[in-house]
Amino acid sequence: MKSFSFFVFASLLLVQTQAQVLKTDANLLKLKAPETFKAEFVTTKGNFTVEVYRSWSPLGADRFYQLIRSGYYNNTVIFRVVKDFLVQFGVSEDKQKNIFWQGKNLKDEPVVASNTDSTICFSRGAPNTRKTSIFINLRNNLSYDTLNAGGVKGFVPFAKVISGMDVVRQFFSGYGNDAMKPADTIYFKGNKWFINKFPQIDLIKEAKVIKD
């Protein structure tokens, strides 16, 4: 009887925790990012800092700010590293956060800043599909300014790595695009499954907004 009572208590606690996560993240959806802000990423290779410019992409900057404040990028795998091309991540290890944020698509915006080395964009596959996944350009990918992919013109930079690009360039690139294909499985099986399959993969340990 005691074990059953504990199970019921634990189940109720889990439901309450999940509800709190969703409530907290829903409140963060109302947040508007500062016109410019910085964020620090702590990774398995070291730290890097990005600066976000709302004038480049108001919706992108707001979403990035909301996701960092929610802890979405903490303990996320860097599932795509293509040497001298780009680095990509943005699937949370938290199933509840994934469920919530994957339903919150952003409307498309025009490209204001160019896809130069160290700029950051949200990925997308069709009109109005930017959500949580982001990539960092490892070179001048200027064709991305006008590339028509999935019926949308261009990828929209919203930020730039201002220190630690040497760290970004050190992320393990041996898997190339191969690790990107099963990345969605993290939604269902978590980081452990993914890391077992790709043991040399790097991770974002923590992402946080920092003050000047």
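The values are calculated or read from the model by the stated rules, or taken from the named source; none is laboratory data. Every value quoted in this text rests on a predicted model; they were computed, and no experiment measured them. Neighbour counts run over all protein chains shown; Cβ positions are idealised from the backbone, glycine included.
Listed by first and then second residue, the pairs linking a residue in the stretch 63-83 that is touching a residue at least 40 places away in the same chain (Cβ under 8 Å) to a residue that is of a type in the set (S, T, N, Q) and assigned to a strand (DSSP E or B), with Cβ atoms under 7 Å apart and 6 or more places separating them unless they lie on different chains, are F79/Q88; R80/Q88. Checked against (1) aliphatic (A, V, I, L, M); (2) farther than 28 Å from E109 by Cα; (3) at pLDDT 95 or above, A179 passes all but a single condition, namely (3). For A159, only one of the following conditions fails: (1) surrounded by fewer than 18 Cβ atoms within 10 Å (Cβ to Cβ); (2) on the phi < 0 side of the Ramachandran plot. What is its number? Every condition holds for A159 apart from (1). When each of I186, I162, I195, I201 is tested for being assigned to a loop (DSSP other than H, G, I, E, B) and β-branched (V, I, T), the lone residue that passes is I201.
Residue pairs whose Cβ atoms lie under 7 Å apart, sitting 6 or more positions apart in sequence or on different chains, and linking a residue in the stretch 130-152 that is outside the structural domain of S173 (by TED's automatic domain parsing) to a partner that is of a type outside the set (S, T, N, Q), do not occur here. Regarding A126, is this residue in contact with a strand residue (DSSP E or B) (Cβ under 8 Å, 6 or more places away or on another chain), loosely packed, with under 15 Cβ neighbours inside 10 Å, part of a loop (DSSP other than H, G, I, E, B) and of a type in the set (G, A, S)? Spelling it out, A126 is indeed in contact with a strand residue (DSSP E or B) (Cβ under 8 Å, 6 or more places away or on another chain), loosely packed, with under 15 Cβ neighbours inside 10 Å, part of a loop (DSSP other than H, G, I, E, B) and of a type in the set (G, A, S).
At least 2 residues being at pLDDT below 95 is the threshold, and among the helices (runs of 4 or more DSSP H) wholly inside the stretch 1-108 those reaching it are 2-28, 95-101.
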